[in-house]
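Read through the structure below, which is laid out as structure tokens, and then see the notes.
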Amino acid sequence: MPAGKRLLVKNEITVDNKETKQEDVFIQLYQKPNSSILGYRLRLNLFNLAKKNADTSYAKWLAKKPNRRKNLAKLLSEKQVDRLGKSFLVSGFSNFLMKTGEAPVVFDTISTKKSLRRLESFYYNKGYFDVKANYTRDTSVSKKIGIKYNVDLKKPYIIDSLKTLIETPALDSLYQTRKNNSIIKSNVQYNTEDFNNERNRITTHFRNNGAFLFQQNYITYKLDTIDTNKKANVKLLIKDYSYREDDSSKTAPFKLYKISKVAIYTDHTTNKNDIKIKDSLEYKDFFLYSENKLKYRPKAITDAVFITKGSLYSDNSNVLTTRYLSNLKVFNYPTIQYKVDPKDENALIANIFLTPRKKYTFGASVDFTHSNIQDFGISGNTSMGIRNVFNGAETFEIGFRGNVGASRDNANPNNTFFNISEIGIDAKLNFPRIFFPFNTEKIIAKSMIPSTSISVGFAKQRNIGLDKQNFTSAFSYNWTPTRSTAFRFDILNIQFVKNVNIGNYFNIYQSSYNVLNLLANNYSTNPDYFDNNKLIIGSGTDGFVNDALFGTLSSSIAASDLKTIRSIEERRKRLTENNLIFAANLSYSKTTSKGLNDNSFYSYKTKIESAGNLLSILARASKQLENQSGANTFFEVEYSQYIKGEFEFIKHWNFGTKKVIAMRSFAGIAVPYGNSNSIPFSRSYFSGGSNDNRSWQPYSLGPGSSGAINDFNEANMKLAFSAELRYNLFGKFNSAIFTDIGNIWNVFDNVTDEANKFKGLESMKELAVGTGVGLRYDQGLFVVRFDLGFKTYNPSKIENERWFRELNFSKSVLNIGINYPF
């Protein structure tokens, strides 16, 4: 520190002789100590590592010897020698350190006095009109200083009475209708924020009931605190409308305007001042104009407009109209303008200008990939969108995707480089209304911005896993009762999965194969099943399983081994069976989040799904749908029948200074019944991964205490809870300390292994606990996340070895993700 200067190392605030840690109090201070991590001022030390005026030092170094500049210029050039002083080699690293670091906070008396004034103002606005503040210094450590702010609040002022003087009678009448909703109440401590909120309330009420010209600045308050014994008598003043005419100011009572006409310009171009109308029509008191031939059915546009003839002007109607029109995805952000009707000075003409988006849009992307399935792959996506398909503001999207890859693990008789492939097509048609034979507006009002979507998709794989063929289709309704709530109702959600290459099962599920191979080598297995002491996948694995369960080996195999073989075979059948799912589901979500920067909110989602009931009715109506095993089929596939429910709750608490505690809890269960005794793989649950329990890899936790013996472990019930403390390190780098708790279990299905099953409260001891730390880089548009998890409590171990036995880096799990996990 320079002579006579001190580094600010501590701020302390006491209020009425009691120390406070409130963040909203500390943010009033102009000067704050340098940031620290566990007491170490990392950014300050980085700043101190930088060379100050590195380019000046370079110039002095050049001038130190007469021939140094001349010799350097021979290697480079005169211009490059000059530029070298500003290069990363000379000054770039120092500039980086100064940018990343933090300059020392040098104590400043002026800033401290300004902080005192802000503290007094802060408490004054909370009703402490006689507040006084001072500060003391702690200079016991050389070159450093600590500041203690002392605030003496004294007795607060209480609201005593509230009177009103509203000059415009129409506004006074409006005010009286909602007078009981006033935020300012007697016998409550004065708070400036309450007065600001009351201004907002009154303004919103007036502007939603015709007061088009009213603004918040017309509302003023007068406080009488003289000789009132710490009581404040409040007078609300709302004066008449003021305006200028010629060179003089005039006033007049506010008018409550009605809408006399709604004009919609459906193809307005913003760069045109003059509108030349070529086509127009009137539809239910709306006037539609077009500069070309009108391309939209009137109802599709007018359903999105909440400004109606004869109604009072309303800001809410403006907002709803803008939201609905934007949600159509057919127009750019609309412009709504009002002007006084020349035929009626108490009425407004609403002009809505719509600028259509391009009818056709195209997109394409290419990715290069590497995974455990393919050594090298190229995937591509193309998409096309069509707007206003049937002249009712509908949108249609179709996309094609494909992938070709090379894999050394697959048979390749033709010696071709690309020996695996996948193709798919997806299409979606969206209607900006409820597509239903009957009028549903009494149930789902158009203010809820309803829409209907119909989607279909097909994908086909070759030489990838079991070579699945996947057909999906959905018919969905969506609506938002409020800005914070949303419903989705899939009246029909279909998925048909066909496994073409089931003989490849044991090439994929290597853990199951290794166990089976080990058991086969322990018994007198037919030698024809082996190739170099390894079971031949296909003939060998099938032969050994059949002999063990039903043939010559069934009497000689130990009961525990027989149970393992039976479990492997049941799982193989489950994962290679074709699935037909005809489901309906309803989901609801709510959030109090006000945007990306809102760090104090909660949200929850709930969903219920039922599958197979429609096909069950059809199955009962036709005896031909019953197969030999007694289960019903459709298109020669046993259809799934189950009911499934899920609930997720997320809560964030903001503790200021970029500290947030985030919590998530999840519960889900799917119960098979009727035609099914298990849940399809695509509808089951797994645990582990970057957005779940981060101390386990995906599919590697559970079920229960079984120890995740399969390659892909899944079950039909899941509980999960996660919490993390997020805090800023420096700049765009953030960190987190997290705990994840959860597991999956089998319940009400055909799994018989007790280690996998949920057994009520006693299964709570099988909840796995993972803890860890995370590093996050907040780029702005997205967050790059690195989380390192440690198995703190592993339910797959014996009971006295579950806690703290795997807290080492060799058994940790690194997860890389984009954006926060919740």
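What percent antiparallel are the DSSP beta bridges of the chain, to the nearest 5?
Working: 206 of 235 bridges.
Taking every DSSP beta bridge within the chain, about 90 percent pair in antiparallel fashion.
For the stretch 346-395, the alpha carbon positions stretch 73, 25, 14 Å along the principal axes, listed from largest to smallest.
Highest average first, the peptides 739-749, 599-609 ordered by how many other beta carbon atoms sit within 10 Å of their residues are 739-749, 599-609.
Modelled this way, with points 7 Å down the Cα-to-C-beta line, the labels at Ala252 and Tyr360 are 5.4 nm from one another. Here the stretch 258-353 is treated with +1 on each Lys and Arg Cβ and -1 on each Asp and Glu Cβ, and its dipole about the Cα centre works out to around 320 debye. Among the chymotrypsin sites (Phe, Trp or Tyr not before Pro) in the stretch 124-188, none sits in a DSSP loop with a Cβ that has at most 11 other Cβ atoms within 10 Å.
Using the Cα atoms of the stretch 258-353 to build a convex hull, what is its mean projected area in square nanometres? Walk me through the numbers before you get to the answer.
Numbers: hull surface 24.3 nm².
Mean shadow area of the hull around the Cα atoms is 6.1 nm².
On a per residue basis, the convex hull of the C-alpha atoms belonging to the stretch 116-166 measures out at 79 Å³.
Report for the stretch 158-252 the percent antiparallel among DSSP-assigned beta bridges with both residues inside it, nearest 5.
Working: 12 of 20 bridges.
For the stretch 158-252, the DSSP antiparallel bridge percentage is about 60.
Sites listed here are trypsin sites (Lys or Arg not before Pro) in the stretch 160-194 whose DSSP assignment is loop and whose Cβ has at most 16 other Cβ atoms within 10 Å: Arg178, Lys185.
For the stretch 158-252, what does the equivalent ellipsoid look like in terms of its semi-axes, each the square root of 5 times an eigenvalue of the Cα gyration tensor, given largest first in whole Å?
Details: eigenvalues 140, 52, 24 Å².
They are 26, 16, 11 Å, listed from largest to smallest.
The residue list Phe436, Ser511, Val105 was ranked by how far each Cα lies along the charge dipole of the chain toward its positive end, using unit charges on Cβ atoms, and Val105 comes out on top. Sorting Phe435, Phe635 by the number of Cβ atoms found within 10 Å of their own Cβ, with the fewest placed first, yields Phe635, Phe435. About the centre of its Cα atoms, the stretch 158-252 shows a dipole size close to 340 debye [charges on the beta carbon of Lys, Arg (+1) and Asp, Glu (-1) only; nearest 20 debye]. Looking at the stretch 636-723, the pairs of alpha carbons with a distance over 23 Å make up 37% of the total. Taking the Cβ-Cβ separation of Ser421 and Lys261 as r and a Förster radius of 45 Å, what is the calculated FRET efficiency to the nearest 0.05? Approximately 0.15, to the nearest 0.05.
Taken over the chain, the percentage of Cα pairs per 20 Å bin, counting from 0 up to the bin with the maximum distance, is 10, 29, 33, 22, 5, 0.
Compactness of the stretch 9-54 is given as radius of gyration and Dmax, 14.8, 50 Å, from Cα positions. The trypsin sites (Lys or Arg not before Pro) found in the stretch 713-772 that occupy coil by DSSP, while having at most 12 further C-beta atoms within 10 Å, are Lys759.
Listed by Cβ neighbour count within 10 Å, with the fewest neighbours leading, Phe782, Phe287 appear as Phe782, Phe287. For the stretch 89-248, the Kirkwood radius over C-alpha pairs fed into Stokes-Einstein at 4 °C and 1.567 mPa s yields D = 64 µm² per second.
In a fully extended conformation the segment linking Thr204 and Leu38 would gain 55.0 nm over its present Cα-Cα distance, using 0.36 nm per residue. Taking Cβ atoms as reference points and 11 Å as the exclusive limit, the residues near Arg483 contribute a net charge of +3, counting Lys and Arg as +1 and Asp and Glu as -1.
Sorted ascending by nearby beta carbons within 10 Å, beginning with the fewest, Met1, Met448 become Met1, Met448. Note on the stretch 503-576: semi-axes of the ellipsoid equivalent to its C-alpha gyration tensor, largest first and rounded to whole Å, are 17, 15, 10. Taken over the C-alpha atoms, the stretch 221-282 has Rg and Dmax values of 24.1, 72 angstrom. Here the dipole of the chain is about 4060 debye; that uses its Cα centre as origin and unit charges on the Cβ of Lys and Arg (positive) and Asp and Glu (negative).
If you take the beta carbon distance between Asn750 and Ala559 as r and set R0 to 25 Å, what does 1/(1 + (r/R0)^6) give as a FRET efficiency, to the nearest 0.05?
My answer for the efficiency is 0.80.
Label-to-label distance, Tyr523 versus Lys144, with points set 7 angstrom from Cα along the beta-carbon direction: 7.3 nm.
Computing FRET efficiency as 1/(1 + (r/R0)^6) for Ala584 and Asn507, where r is the C-beta to C-beta distance and R0 is 35 Å, gives about 0.45.
Modelled spin labels at Ile798 and Asn470, positioned 7 Å past Cα toward Cβ, are 4.2 nm from each other. Calculated on C-alpha atoms, the gyration radius of the stretch 360-500 divided by its Kirkwood radius gives an Rg/Rh of 1.12.
No value in this document is a laboratory result; all are computed from the given coordinates. Predicted model only: the values in this text are computed from it and were never measured. Note that we place each Cβ from the backbone using ideal geometry, even for glycine, and neighbour counts take in every protein chain shown.
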